[in-house]
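The values are calculated or read from the model by the stated rules, or taken from the named source; none is laboratory data. Just so you know, these numbers come straight off a predicted model, no measurement behind them. When we count neighbours, we look across all protein chains shown, and the Cβ atoms used for this are built from the backbone with ideal geometry, even at glycine. SASA here: full protein model, heavy atoms, side chains in, ligands and nucleic acids out. Shrake-Rupley method; radii C 1.70, N 1.55, O 1.52, S 1.80 Å.
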Amino acid sequence: MGISVGLGLTNNCNLSCPHCYRPTEDIGNLTVQDIRTVCDSLDVGSTNLGTGENILNPEFFPIVQYLQDRRIKTSLTSNGYSVSQVPDEMLKRFHDVEFSFDFGTREGQDAFRGSGAWKMAIDSMERCLTLGVEVTILACLMRINYDRMGEIAKLAGSYGVNFRVNVYQPVRTDRFSLTYENFWDGFRQLFDAAPIVTCTEPIVNVALGWRRLSGPQCGRSSIRVTPYKKVLPCVYWPTPALSLKEVPEVRDRIWETPEFQKTRAIPEVCRSCEWVQNCWGGCASRRILRGDLYRPDEFCPIVRGEQLTLNHQVTEEKELLHAANVCTTIVNPS
Ligand SMILES: C[S@@+](CC[C@H](N)C(=O)[O-])C[C@H]1O[C@@H](n2cnc3c(N)ncnc32)[C@H](O)[C@@H]1O
Ligand code: SF4
Ligand code: SF4
């Protein structure tokens, strides 16, 4: 099937959203040669272009051309700006394009991301839909918008597109972190609004009573390459596993390097849990960012002795690259 590679072509951006994980100290850019190194060394099944606004990488066009010529399924995540600069023919060759909305109204989106952010995303999304490009709306679930999931689902439903939700990770600040109650209220609202296409967030799988996962994907079949030419087991992981230049030598032994092994660490108290084979202690990035990789996921109801039920419906699963990339949840409100 090939591995899922997140490529942060650049950390440069036209916006400066306050929750963003991208480093802002100095600008790094991947080159075509870097991408060739990755693709020649690893069995790349798909790539996602994320981190900053990718068009701001000076080699954006040759990089995308290279990936498309190699027939590697590639998706793009954007605030609308990159998409507005890409010609129709290239846009149509993306496997899918995602637009970030943290709120389902112009007022909310512009107040959070800056004036004009709503229109920029809507205009580019409408252009993609006109061209027949597969579109997803992506939201980061945070303390400030956990009660707006229904509103964003409605927006996605009005365009007939999927809605994907990633849980906020405190990479640079804790200001947007969810409380336990916020987390579950957010998912309840999301699942009340729309049926589930897929969910790879381990702790949510446990609450759904699903046995489909065998632990998170990070550290096993997905990697992230940063604009600083470092390789991470997950986009949010705080310490690099390798430098990009070491990848040709390590190749598929990459999974056995120490940082990758760390993502598979299972907290002691989880070992006797009936869900351990599915959950592995929950999101390892969240645990390490919270200061203790060996404590179970802070959103786990089981360690609190709570019985949690989530009303939900499921709908037909689609091939959506992002489900292989990070712990994520996709619903279809249309
Ligand atoms: C970093 S942006 C890069 C692509 C593009 N600039 C955009 O905004 O979609 C990719 C996604 O990551 C989300 N994101 C940013 N910081 C995050 C964090 N700390 N935890 C989880 N998601 C985050 C954004 O909201 C966005 O949906
Ligand atoms: S637009 Fe995307 S990359 Fe830019 S600051 Fe916002 S979330 Fe981060
Ligand atoms: S106790 Fe550990 S393995 Fe069990 S559900 Fe909670 S985090 Fe997952």
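For the range 226-253, which positions are of a type outside the set (Ser, Thr, Tyr) and within 27 Å of Asn205 (Cα to Cα)?
Leu232, Pro233, Cys234, Val235, Trp237, Pro238 - these are the residues of the range 226-253 that are of a type outside the set (Ser, Thr, Tyr) and within 27 Å of Asn205 (Cα to Cα).
What is the one condition in (1) touching a residue at least 40 places away in the same chain (Cβ under 8 Å); (2) surrounded by 19 or more Cβ atoms within 10 Å (Cβ to Cβ) that Ser177 does not satisfy?
Tallying (1) touching a residue at least 40 places away in the same chain (Cβ under 8 Å); (2) surrounded by 19 or more Cβ atoms within 10 Å (Cβ to Cβ), Ser177 fails exactly one: (1).
Could you please find all residues in the range 13-33 being modelled with pLDDT of 95 or more and either farther than 30 Å from Thr173 by Cα or near ligand 2 (Cβ under 9 Å from one of its atoms) (or both)?
Cys13, Asn14, Leu15, Ser16, Cys17, Pro18, His19, Cys20, Tyr21, Arg22, Val32, Gln33
Residue under question is Ser4, and the condition is that it be within 20 Å of the chain's Cα centre (by Cα), buried (at least 22 other Cβ atoms within 10 Å of the Cβ) and more than 10 Å from ligand 1 (Cβ to nearest atom); does it hold?
It is true that Ser4 is within 20 Å of the chain's Cα centre (by Cα), buried (at least 22 other Cβ atoms within 10 Å of the Cβ) and more than 10 Å from ligand 1 (Cβ to nearest atom).
Residue under question is Ser16, and the condition is that it be open to solvent by 40 Å² or more (accessible area, probe 1.4 Å), at negative phi and within 16 Å of ligand 1 (Cβ to nearest atom); does it hold?
yes
Anything in the range 184-193 that is over 21 Å from Leu213 (Cα atoms) and either surrounded by 21 or more Cβ atoms within 10 Å (Cβ to Cβ) or among the basic types (Lys, Arg) (or both)? List them, or say none.
Scanning the range 184-193 gives a single hit, Gly186.
From the list Val197, Val135, Val167, which one is touching a residue at least 40 places away in the same chain (Cβ under 8 Å), open to solvent by less than 10 Å² (accessible area, probe 1.4 Å) and under 24 Å from Lys73 (Cα atoms)?
Residue meeting the stated conditions: Val197.
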